[in-house]
Amino acid sequence: MNNSLIVLPIVIQFLAGTVLLFFWLKTNTQKVLSGLFSAIALVISIWLFMLVWNQGIQVTQSGNWKAPFGISFVADVFGATMVLISSIAGFAVSIFSAGSMRKERLEFGYFPILHFLIMGLQGAFLTGDIFNLYVWFEVVIISSFVMMTLGGKRKQLEGAIKYVSLNLLASTLFLVGIAFIYGLTGSLNMADIAIKINDIQNRGVINVTAGLFLVAFGIKSAVFPMYFWLPASYHTPPAAVSAIFGGLLTKLGVYAIIRSFTLIFGGDEFMGIIMSAIAALTILSGGLGAMMHQNMGKIFGYLIICHIGFMMVGLGIFTELALMGTVFYLIHDIVVKTNLFMVSGVILKINGTQDIKELGGLYKNYPMLSLLMAIPLFSLVGIPPLSGFWAKIFWIQAGLETKEYILIGFIVLGSFLTLWVIAKMWGEVFWKPGEGLPKKANGIYFDQLSGADKWQWIFPVVFLSIISLYIGFAAENIIVLSQKIAGDLMNPTGYIESVLGIKLLMP
Amino acid sequence: MEILLIIIIGLLHAGGLYMLLRRSMFKMIIGLILLGNGANLLIFLMGRLVKGHPPVIEDGLKVFTEIYADPLPQALVLTAIVIGFGLQSFAIILIKRVHRVLETDDLDELNSTDEEI
């Protein structure tokens with residue numbers, strides 16, 4: 001199906017970023033416009049999702065060049081779902097930023113950069129061209145560099161050095177991988193590569209290329225030996241920035257791994273073993289790291305790593321059922337992680353600290369707020385029927401079918417470590433009696449805000465909590481969705497046929 | 001020509017990796033730049049080197065009759081150079097700023113975000 005309107009999610013974010021540039025110092029106008037544009041983007045992505053769900057894969061060829069020659073934009077169900085979820089997270093973060101970001105940071109162009117970052121994400125989810133994917137990755141990382149360093153605090157700069165250098169290295173490796181792919185197949189269109197790569201006799205070179213892609217995307221998604229930049233940098237910027245980073249940036253890496261390792265390097269046994277090993281070690285190191293820290297930002301940072309490990313399990317087992325779990329978890333994780341960093345921002349605003357040893361008594365002082373924060377926290381642990389629970393059933397079932405008992409053990413261990421960390425945090429922050437933390441004289445705390453300002457902090461948390469509850473309680477809808485996506489990923493014939501506009505001969 | 005390019009690409013990658021492993025922040029950026037140039041040359045090489053055959057179909061013909069130079073790698077390299085240029089200039093400004101605030105060039109001293117619990 002040819003439909004050039006599928007690039008609308010990218011265009012609207014580009015428009016938002018550009019329009020906001022004209023209101024450089026008028027931060028209040030920027031706040032309103034950013035929320036408005038994010039709401040429009042949300043509506044557009046819902047439309048795109050419904051279109052793709054009802055009418056199948058939508059393709060557009062830029063400049064009307066036929067498929068393997070021009071850049072293709074493809075909206076399949078997976079891509080459209082990711083666009084929808086990232087628009088939801090983007091909308092929430094836009095509102096949250098309006099409340100939580102300081103004026104000094106807003107005056108240096110925070111909102112335009114936010115929209116350019118989300119534009120990069122939408123582009124990466126919609127493109128069907130591997131080099132174009134690289135370009136969108138660069139759009140995302142340059143925006144994230146600016147967001148990370150905006151404000152120029154000592155801690156931020158220190159975190160940024162690690163973040164910037166490792167991401168630049170990852171981009172270079174990705175480029176080297178693309179060079180190999182182009183040399184092997186003579187094509188950059190992912191659907192075209194998927195066909196041509198089967199004819200290549202020299203599997204060794206393909207495995208090397210797959211390894212380059214794995215390392216490049218692995219650095220971006222923070223899997224086991226490549227995750228050290230994440231806990232060093234993610235807690236340093238303000239909560240709104242951490243929310244968009246924690247929710248979306250690492251998941252972009254996971255998306256790219258899922259896409260390239262199903263479509264291009266699908267079902268290689270050697271890669272399956274490596275993925276399983278990475279998954280197990282990522283779960284273990286993330287979980288243990290989360291156990292030993294006391295700063296909420298750092299704990300959530302390590303929990304991101306732990307749960308990236310969960311998603312890699314699906315790729316390690318590599319059956320339809322396991323991928324279904326991974327897709328379900330990806331949808332759940334973006335919403336919950338964005339929400340969690342916003343929760344940690346609200347807690348920081350209330351008490352002026354994120355150290356769980358110092359915090360306390362939140363449940364007594366703010367019972368309704370605590371109840372609200374319980375939703376993302378317990379969704380993360382996966383207490384049934386909340387949203388983190390369902391994906392694990394599929395992984396365990398898939399693991400039993402393929403006799404991957406060690407991986408099942410790691411999933412259970414990872415869930416247990418998460419439970420332990422969240423239980424400790426709940427005990428320390430919410431239940432432990434704690435009064436009267438010393439308050440800085442010049443700081444503005446949550447209690448001193450006006451009602452409308454308070455809602456700018458609370459509304460995004462409520463919004464994402466409702467989405468989380470929906471994912472948990474209406475799990476059957478999400479299961480149908482992830483089943484469809486996993487089916488498409490395991491059998492990419494439909495994707496290839498739609499992009500290239502040909503009929504494949506089935507062997 | 002290919003052999004020469006292969007050697008240069010290898011040297012750029014080796015030099016880049018060596019510089020990345022040094023402790024100085026400044027040398028790290030140099031390393032990233034060298035690696036980026038190595039990757040760009042690699043794309044160029046992977047598109048096959050063909051001399052003196054422009055990708056233009058001759059008069060009176062509908063298709064290429066002989067081997068021709070692939071124009072795509074040059075477009076890719078150009079894009080990669082532009083993107084790399086932007087990122088590297090950002091990184092250079094960043095290290096200048098970090099050096100001014102933290103007053104050190106030693107990466108081993110930038111560990112306060114890792115050490116705090």
I'd like to verify a number: residues in the range A:103-129 that are crowded, with 24+ Cβ neighbours inside 10 Å and either out of contact with any helix residue (DSSP H, G or I) (no Cβ under 8 Å at 6 or more places or on another chain) or among the aliphatic types (A, V, I, L, M) (or both), how many? 7
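Please find, among B:His53, B:His13, the residue that is more than 8 Å from chain A (Cβ to nearest Cβ) and either outside any loop (DSSP other than H, G, I, E, B) or hydrophobic (A, V, I, L, M, F, W, C) (or both).
It is B:His13.
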Hits in the range A:167-189 (condition: more than 7 Å from chain B (Cβ to nearest Cβ), free of Cβ contacts under 8 Å to residues at least 60 places away in the same chain and within 21 Å of A:Ile113 (Cβ to Cβ)): A:Ala170, A:Ser171
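Within the range A:159-166, does at least one residue satisfy the condition of being aliphatic (A, V, I, L, M), farther than 26 Å from A:Ala75 by Cα, in contact with a helix residue (DSSP H, G or I) (Cβ under 8 Å, 6 or more places away or on another chain) and more than 9 Å from every other protein chain (Cβ to nearest Cβ)? Break it down stepwise before answering.
If we filter the range A:159-166 for residues that are aliphatic (A, V, I, L, M), which is where we start, we get A:160-161, A:164, A:166.
From what is left, the residues that are farther than 26 Å from A:Ala75 by Cα are A:160-161, A:164, A:166.
From the residues that got through so far, the ones that are in contact with a helix residue (DSSP H, G or I) (Cβ under 8 Å, 6 or more places away or on another chain) too are A:160-161, A:164, A:166.
So of that shortlist, the ones also more than 9 Å from every other protein chain (Cβ to nearest Cβ) come out as A:166.
Among the residues of the range A:159-166, at least one is aliphatic (A, V, I, L, M), farther than 26 Å from A:Ala75 by Cα, in contact with a helix residue (DSSP H, G or I) (Cβ under 8 Å, 6 or more places away or on another chain) and more than 9 Å from every other protein chain (Cβ to nearest Cβ), which makes the answer yes.
Sort out for me the helices (runs of 4 or more DSSP H) sitting completely within the range A:199-315 that have 2 or more residues that are within 14 Å of another protein chain (Cβ to nearest Cβ) and either touching a helix residue (DSSP H, G or I) at 6+ places or on another chain (Cβ under 7 Å) or farther than 24 Å from A:Ser165 by Cβ (or both). Working first, answer last.
Values: elements: A:203-221, A:229-233, A:239-244, A:250-263, A:269-292.
The helices (runs of 4 or more DSSP H) meeting that bar are A:203-221, A:229-233, A:269-292.
Given the residues A:Phe108, A:Phe145, A:Phe137, which is the only one that is of a type in the set (A, V, I, L, M, F, W, C), at the interface with chain B (Cβ under 9 Å from one of its Cβ atoms), closer than 25 Å to A:Leu15 by Cβ and out of contact with any strand residue (DSSP E or B) (no Cβ under 7 Å at 6 or more places or on another chain)? Outline the logic, then answer.
Numbers: A:Phe108 fails: at the interface with chain B (Cβ under 9 Å from one of its Cβ atoms); A:Phe137 fails: at the interface with chain B (Cβ under 9 Å from one of its Cβ atoms).
It is A:Phe145.
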Within the range B:75-90, track down each residue that is surrounded by 14 or more Cβ atoms within 10 Å (Cβ to Cβ), farther than 22 Å from A:Leu188 by Cβ and under 14 Å from the mean Cα position of the chain (by Cα). B:Gln88
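Quick one: would you say B:Leu45 is part of a helix (DSSP H, G or I) and in contact (Cβ under 8 Å) with a residue 40 or more places away in the chain? It would help to see each step written out before you state the result.
On the way: part of a helix (DSSP H, G or I): yes; in contact (Cβ under 8 Å) with a residue 40 or more places away in the chain: yes.
Considered against the rule, which asks whether it is part of a helix (DSSP H, G or I) and in contact (Cβ under 8 Å) with a residue 40 or more places away in the chain, B:Leu45 comes out as yes.
Answer yes if at least one residue in the range B:60-74 is small (Gly, Ala, Ser), surrounded by 13 or more Cβ atoms within 10 Å (Cβ to Cβ) and either part of a helix (DSSP H, G or I) or touching a Lys or Arg at 6+ places or on another chain (Cβ under 7 Å) (or both), and no otherwise.
Filtering the range B:60-74 for residues small (Gly, Ala, Ser) gives B:60, B:69.
Now narrow it down to the ones that are surrounded by 13 or more Cβ atoms within 10 Å (Cβ to Cβ): B:69.
Remaining after also requiring either part of a helix (DSSP H, G or I) or touching a Lys or Arg at 6+ places or on another chain (Cβ under 7 Å) (or both): none.
There is no residue in the range B:60-74 that is small (Gly, Ala, Ser), surrounded by 13 or more Cβ atoms within 10 Å (Cβ to Cβ) and either part of a helix (DSSP H, G or I) or touching a Lys or Arg at 6+ places or on another chain (Cβ under 7 Å) (or both).
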Can you name the condition, by its number, that A:Asn477 falls short on among (1) at pLDDT 90 or above; (2) touching a strand residue (DSSP E or B) at 6+ places or on another chain (Cβ under 6 Å)? (2)
A:Gly99: outside any helix (DSSP H, G or I) and either within 20 Å of A:Ala240 (Cα to Cα) or within 11 Å of chain B (Cβ to nearest Cβ) (or both), yes or no? no
Options A:Thr326, A:Thr353: the member that is surrounded by fewer than 23 Cβ atoms within 10 Å (Cβ to Cβ) and either in contact with a helix residue (DSSP H, G or I) (Cβ under 9 Å, 6 or more places away or on another chain) or not hydrophobic (A, V, I, L, M, F, W, C) (or both): A:Thr353
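What is the residue count in the range B:100-110 for residues that are among the polar types (S, T, N, Q) and within 7 Å of another protein chain (Cβ to nearest Cβ)? Steps first, please.
In the first step, residues of the range B:100-110 are kept if they are among the polar types (S, T, N, Q); the result is B:104.
This time we only want the ones that are within 7 Å of another protein chain (Cβ to nearest Cβ), so: none.
The number of residues fulfilling the criteria is 0.
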Filter result for the condition that a residue is surrounded by fewer than 17 Cβ atoms within 10 Å (Cβ to Cβ) and either hydrophobic (A, V, I, L, M, F, W, C) or touching a Pro at 6+ places or on another chain (Cβ under 6 Å) (or both), over A:Trp395, A:Trp457, A:Trp390, A:Trp420: A:Trp420
Restricting attention to the range B:26-37, does a residue exist that is in contact (Cβ under 8 Å) with a residue 24 or more places away in the chain, out of contact with any Cys (no Cβ under 8 Å at 6 or more places or on another chain), away from chain A (no Cβ under 14 Å) and under 25 Å from A:Thr185 (Cβ atoms)? no
Go through the range A:379-424 and count every residue that is assigned to a helix (DSSP H, G or I), without any contact (Cβ under 8 Å) to a residue 24 or more places away in the chain and not hydrophobic (A, V, I, L, M, F, W, C). 2
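Which one is modelled with the lowest pLDDT, of the residues in the range B:97-115 that are in a helix (DSSP H, G or I) and exposed (fewer than 12 other Cβ atoms within 10 Å of the Cβ)?
Start the filter on the range B:97-115 by keeping residues that are in a helix (DSSP H, G or I), which leaves B:97-102, B:107-109, B:112-115.
Among the residues that remain, those that are also exposed (fewer than 12 other Cβ atoms within 10 Å of the Cβ) are: B:100, B:108, B:115.
Values: B:Arg100: 90, B:Asp108: 83, B:Glu115: 70.
Here the answer is B:Glu115.
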Consider only pairs whose beta carbons are under 6 Å apart and that are at least six residues apart or on different chains; among these, list those whose first residue lies in the range B:70-99 and is without any contact (Cβ under 8 Å) to a residue 40 or more places away in the chain and within 10 Å of another protein chain (Cβ to nearest Cβ) and whose second residue is crowded, with 17+ Cβ neighbours inside 10 Å and not in a helix (DSSP H, G or I). B:Asp70/B:Gly47; B:Pro73/B:Gly47
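The values are calculated or read from the model by the stated rules, or taken from the named source; none is laboratory data. Keep in mind the model is a prediction, meaning the values are calculated, not measured. So basically every Cβ, Gly included, is an ideal-geometry build from the backbone, and we count neighbours across all protein chains shown.
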